[in-house]
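Single-structure report; data block below.
Quick note: the coordinates plus some simple rules give every number you see, no bench work behind them. None of the values given here were measured: they were computed from a predicted structure. Because the Cβ atoms are built from the backbone with ideal geometry, glycine has one as well, and the counts that use them run over all protein chains shown.
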Amino acid sequence: MTTELETGLPSIRQIQTLTRDGTEVELKLSTNDLLTGKIRWQDQYCLCIIDHYDQPTIVWRQAIVYLKPKA
């Protein structure tokens, strides 16, 4: 198992672009919860999303059903 983020993968590059641009995203979880905010960082296991109250939430990648830019 690799311990580094595979920056060559399209999904990783897309999340990096959303993070860099400060794009607000919608994140659907396997628990059926829906999170909205901006991605602060990502690593190989998790990503951190900041909501509109400036509260960080760390989400395990395996819990994500989908992630999309907020329209």
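Rounded to the nearest 20 Debye, what is the dipole magnitude of the chain about its Cα centre when Lys and Arg each give +1 and Asp and Glu each give -1 at the C-beta?
Numbers: 8 positive and 9 negative charges, 33 e Å.
So the magnitude is around 160 debye.
Could you tell me which of Leu47, Leu18, Ala63 has its Cα farthest along the dipole of the chain towards the positive end, charges placed at Cβ (Lys, Arg +1; Asp, Glu -1), taken about the Cα centre?
Positive-most Cα among the choices belongs to Leu18.
Would you mind pulling out the separation of the Cα centroids of region 41-71 and region 13-36, in Å?
Between the Cα centres of region 41-71 and region 13-36 lies a distance of 5 Å.
Sum up the charges of everything whose Cβ sits under 14 Å from the Cβ of His52, counting Lys and Arg as +1 and Asp and Glu as -1, but leave His52 out. Provide the component values of the computation, followed by the final result.
Working: positive: Lys38, Arg40, Lys70; negative: Glu24, Glu26, Asp51, Asp54.
Every neighbour counted, the sum reads -1.
Could you compute the FRET efficiency for Ile50 and Ser30, with r as their C-beta to C-beta distance and R0 at 25 Å, rounded to 0.05? The partial results should precede the final answer.
Working: r = 21 Å, r/R0 = 0.84.
So the FRET efficiency works out to roughly 0.75.
From the list (i) 11.6, 36; (ii) 17.4, 61; (iii) 16.2, 56, can you say which value of Rg and Dmax of the Cα atoms in Å was derived from the structure given?
Only one listed value fits the structure, namely (i).
With the chain treated as a Gaussian network of Cα nodes joined by springs under 10 Å, which of Ile49, Ile58, Ile39 yields the largest mean-square fluctuation?
Ile58
Count neighbours as other Cβ atoms within 10 Å of each site's Cβ, and list the GluC sites (Glu not before Pro) in the chain that are DSSP loop with at most 13 such neighbours. Before the final figure, lay out each step's value.
Numbers: sites: Glu4, Glu6, Glu24, Glu26; in loops: Glu4, Glu6.
Within the chain, the qualifying GluC sites (Glu not before Pro) (loop, at most 13 other Cβ atoms within 10 Å) are Glu4, Glu6.
Can you tell me the 0 to 90 degree angle between the C-alpha axis of helix 10-21 and the longest principal axis of the chain, rounded to 10?
Taking Cα atoms only, the helix is inclined about 50 degrees.
Taking the chain, which chymotrypsin sites (Phe, Trp or Tyr not before Pro) meet the DSSP loop condition and have no more than 14 other C-beta atoms within 10 Å? List each step's numbers first, then the result.
Numbers: sites: Trp41, Tyr45, Tyr53, Trp60, Tyr66; in loops: Tyr45, Tyr53.
Those that pass, being in a loop and sparsely packed, are Tyr45, Tyr53.
Go through region 49-57 residue by residue and turn each phi into a ³J(HN,Hα) via Karplus (6.51, -1.76, 1.60, θ = phi - 60°); whole Hz please, and just put x for glycine and proline.
Each residue's phi maps through the Karplus curve to give 10, 9, 7, 6, 9, 6, 9, x, 10 Hz.
Taking the Cβ of Glu6 as the centre, find all other residues whose Cβ is under 15 Å away and add up their charges (Lys, Arg: +1; Asp, Glu: -1). Could you put the intermediate results ahead of the total?
Values: positive: Arg13, Arg61; negative: Glu4, Asp43.
Here the charged neighbours net out to 0.
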